[in-house]
């Protein structure tokens, strides 16, 4: 164990090892991407299963790297009976890029590999972008209001791109992660958007509505995750340097909202009510954890 090393040294070594691990597992994912481009679409489910299994191994080794340098103090509450054979929508509050490492650590191999929305431009990110594509991460294409005013024919095409991406979720069991706030929480952002919550930004219901509407015949349940960092919310590198304060992780498994069978669910307004209820409960929990 190398937990005795100074924080910056642990952070640098962890980062180097995670990068090397990522580079290693990119190789089989690249091979799957090439085969997927050359072979008929009937092989698509097989490529998806292979890619997800590869990604789970990648995450397991990343978790081992973290354990090599630090002992995390994570309290997990409300562990429901989960399965890798089910479809899940995972919603979560967002405070740091560390959230993704914590989610992967707790949920890896308990549910299907987590896939989260990425902007279309990120597909062109060197090395990792192609991996996101072969792993079928949902792609979001967004046009600015200015561009839509100049090119009104583009209206609705961003949603069509996202829906097309989501169609692949029907091939094999999947877990779709949606940070409803759309960005990481900061006090400045909370003030700017006049959020009514103490520790949360206003949730956006469009992504969740789209996933439920697209997969309503497949989704088994929704996992509402709450993450709280006691005393300190670390940046990604601060976390790699060693994080001693307690991290609270709560899983609430809930059924699909009653609107799930409504033809109007494609509109974000149809899901705002139940999301608002969840966000009120989540904010009260965060107040209890962080202020008392």
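Below are the figures for this structure:
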quantity	calculated
Those residues of region 75-95 which are closer than 21 Å to residue 235 by Cα and out of contact with any helix residue (DSSP H, G or I) (no Cβ under 7 Å at 6 or more places or on another chain), in sequence order	75, 94, 95
Filter result for residue 75 (at pLDDT 85 or above, farther than 21 Å from residue 222 by Cβ and more than 12 Å from the chain's Cα centre (by Cα))	yes
Region 215-237, residues that are without any contact (Cβ under 8 Å) to a residue 40 or more places away in the chain and either touching a helix residue (DSSP H, G or I) at 6+ places or on another chain (Cβ under 8 Å) or closer than 30 Å to residue 15 by Cα (or both)	231, 232
Filter result for residue 252 (in contact with a helix residue (DSSP H, G or I) (Cβ under 7 Å, 6 or more places away or on another chain), modelled with pLDDT of 90 or more and in a strand (DSSP E or B))	no
Every residue from region 168-220 that is part of a strand (DSSP E or B) and either exposed (fewer than 15 other Cβ atoms within 10 Å of the Cβ) or under 16 Å from the mean Cα position of the chain (by Cα) (or both)	175, 176, 177, 178, 179
The one condition in (1) surrounded by 19 or more Cβ atoms within 10 Å (Cβ to Cβ); (2) touching a residue at least 60 places away in the same chain (Cβ under 8 Å) that residue 106 fails to fulfil	(1)
Residue list for region 200-228, restricted to those being over 25 Å from residue 139 (Cβ atoms) and out of contact with any strand residue (DSSP E or B) (no Cβ under 8 Å at 6 or more places or on another chain)	200
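The values are calculated or read from the model by the stated rules, or taken from the named source; none is laboratory data. Fair warning: this is a prediction, and the values are worked out from it, not measured in the lab. Please note: Cβ atoms are built from the backbone with ideal geometry, for glycine as well, and neighbour counts cover all protein chains shown.
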